[in-house]
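Working notes for the structure below.
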Amino acid sequence: MDLKSKFIKTVKNPVYFKAGLILTLSVSLFFVIYIWDNSRKIAVNEKGEEILERRGHAGEEENLELRIKAGDIEKSVNVTVSGQAYDSEKIQEKLKEAAENLEGLILGENKDPNDVRNDLNLVNEIPDSGISVSWELDNYDVMDISGQLRQENLKDEGTLVKLKAILGYEDEKTVHEFYVRVYPPRLNQSEKLIREINDQVRKNDEETKTQGYLTLPGNVNGVDIQWEYAKNTRAFAILILGAGGACMICVSDKQRRREKEKTRIRELKRDYPQIINKLNLYIGAGMTVRRAWFRIAGDYEKEKQRTGKKEAYEEMIYTMHQIQGGAAEGECYENYGVRCKVPVYRKFGTMLSQNLRKGSKGLSVLLKREAEEAFEERKNTAKKLGEEAGTKLMIPMFMMLIVVFVIVIVPAFFTIQI
């Protein structure tokens with residue numbers, strides 16, 4: 001079979017066709033999503049300024065990942081675009097939601113309240129408690145009410161800030177006061193520039209809340225900045241899932257065919273002693289090998305609907321039709337053993353072919369010996385299958401053991417705790 005024929009045969013295989021179809025669809029979907037996700041461009045207003053359109057309403061935020069080029073720096077930054085605010089005549093501005101914890105949680109990326117170099121996380125509610133928190137500061141020059149540090153006012157020697165937390169639950173209130181010492185962050189030149197860019201973005205966001213877009217800074221501290229949307233890579237997940245699905249189909253199909261072949265061989269070995277015994281019985285009764293073969297095949301055809309399809313007998317019927325069609329009898333027996341693809345059947349076919357040429361003398365003895373060996377092999381196979389079944393039962397037994405342990409130990413544990 002040439003390479004072209006092999007390719008055509010592979011393409012026509014339904015399993016490979018399905019796997020190829022899934023892979024093709026995943027690749028196509030990958031390109032569509034990837035192009036869609038990365039097709040956005042930074043818009044420019046009538047003044048020539050790069051802008052981001054506001055898509056939400058007041059109180060809503062959209063987080064965007066953008067790529068900036070500032071001098072020799074080219075990296076990704078996260079820009080938060082607030083929703084477009086309305087004038088006071090239309091609606092009151094929604095209150096900002098604070099973060100989630102108190103005191104122990106406000107440190108954020110900081111490790112020590114006496115060495116605060118990053119923004120604090122001043123929460124307005126204790127999670128899962130219904131307790132609200134409001135804050136008062138004695139120094140708003142270095143930190144705002146949300147815990148963000150004002151970098152331009154921080155001093156190297158540190159600034160002590162008193163935090164007053166007012167905790168309320170229904171009509172009950174309590175006050176908790178504590179201090180933190182704030183220092184400037186340790187930043188390299190690149191981090192300082194990124195920090196200044198983010199500060200400028202926040203400043204522009206505050207100044208343009210009533211407009212339909214956010215103006216991106218084009219220059220910070222003499223460094224020109226170019227903006228573009230960062231590449232979105234979520235399409236790669238589709239590609240990976242598609243390739244994985246195609247591989248799984250191929251692997252599962254090979255596994256299914258392997259299991260099917262194992263079942264076929266097991267069935268052939270199971271039927272082998274029965275075929276040998278029947279053939280030996282008929283030959284012993286005076287029949288020729290050919291007549292005995294036809295008799296066994298004919299009986300199977302009559303009982304096939306009741307007993308079900310059996311591979312070994314199906315091959316016997318095929319061999320019978322070959323002989324009836326004029327093919328050499330000895331060659332047909334040998335081909336029978338080859339088609340079954342099991343060593344004992346090859347031996348059986350060869351034995352019949354040889355005795356056909358030499359005469360049937362002694363064939364009954366050989367068949368009797370072969371039947372005994374086949375019966376022993378069948379007993380060994382049954383014993384092996386029993387051992388495998390016992391091994392497979394170990395998993396549910398262990399699971400049941402774990403359940404028993406849980407039922408016995410857990411109540412005892414809770415009793416001890418009480």
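Annotations
- Consider the stretch 26-81 and keep the residues that are polar (S, T, N, Q) and open to solvent by less than 80 Å² (accessible area, probe 1.4 Å). The one that is nearest to residue 224 (Cα to Cα) is 76.
- Top-ranked residue of the stretch 280-337 - restricted to ones that are among the polar types (S, T, N, Q) and in a helix (DSSP H, G or I), ranked as farthest from residue 364 (Cα to Cα): 305
- Spans of strands (runs of 3 or more DSSP E) in the stretch 139-255 with at least 3 residues of a type in the set (D, E, K, R): 172-182
- For the stretch 237-251, a residue qualifies if it is open to solvent by 70 Å² or more (accessible area, probe 1.4 Å) and either at pLDDT 85 or above or touching a Ser or Thr at 6+ places or on another chain (Cβ under 7 Å) (or both), and the qualifying residues are 240, 241, 247, 248.
- Residues within the stretch 338-350 that are open to solvent by 20 Å² or more (accessible area, probe 1.4 Å) and part of a helix (DSSP H, G or I), tallied: 7
- If only residues of the stretch 293-335 that are more than 18 Å from residue 273 (Cα to Cα) and among the hydroxyl-bearing types (Ser, Thr, Tyr) are counted, the one that is farthest from the chain's Cα centre (by Cα) is 319.
- Any hit, the stretch 344-354, residues being basic (Lys, Arg) and under 23 Å from residue 264 (Cα atoms): yes
- From 173, 155, 203, 254, residue being within 44 Å of the chain's Cα centre (by Cα) and either of a type in the set (Phe, Trp, Tyr) or modelled with pLDDT under 85 (or both): 254
- Pairs with Cβ under 7 Å, 6+ apart, first in the stretch 248-272 and aliphatic (A, V, I, L, M), second open to solvent by less than 50 Å² (accessible area, probe 1.4 Å): 249/15; 249/19; 265/342; 268/312; 268/340; 268/342; 268/345
- Restricting 211, 189, 226, 274 to residues that are of a type outside the set (Gly, Ala, Ser) and closer than 30 Å to residue 289 by Cβ narrows the list to 274.
- All of (1) open to solvent by less than 50 Å² (accessible area, probe 1.4 Å); (2) of a type outside the set (S, T, N, Q); (3) out of contact with any Pro (no Cβ under 9 Å at 6 or more places or on another chain) hold for residue 311 with one exception: (1).
- Residue-level check: of (1) more than 45 Å from the chain's Cα centre (by Cα); (2) surrounded by 13 or more Cβ atoms within 10 Å (Cβ to Cβ); (3) of a type outside the set (Phe, Trp, Tyr); (4) within 30 Å of residue 61 (Cβ to Cβ), residue 215 misses just (1).
- The one condition from (1) open to solvent by less than 60 Å² (accessible area, probe 1.4 Å); (2) at pLDDT 85 or above that residue 363 does not meet is (2).
- Residue in the stretch 54-63 that is among the acidic types (Asp, Glu), modelled with pLDDT under 80 and under 19 Å from residue 200 (Cβ atoms) present: yes
- Residue 292 in contact (Cβ under 8 Å) with a residue 12 or more places away in the chain and among the aliphatic types (A, V, I, L, M): yes
- Check on residue 270, at pLDDT 85 or above, open to solvent by 80 Å² or more (accessible area, probe 1.4 Å) and out of contact with any strand residue (DSSP E or B) (no Cβ under 7 Å at 6 or more places or on another chain): no
The values are calculated or read from the model by the stated rules, or taken from the named source; none is laboratory data. Everything quoted here is computed from the prediction, not taken from an experiment. Heads up, the Cβs are rebuilt from the backbone with ideal geometry, glycines too, and the neighbour counts pull from every protein chain shown. Surface accessibility is based on the protein's heavy atoms, side chains included, excluding ligands, DNA and RNA. Shrake-Rupley method; radii C 1.70, N 1.55, O 1.52, S 1.80 Å.
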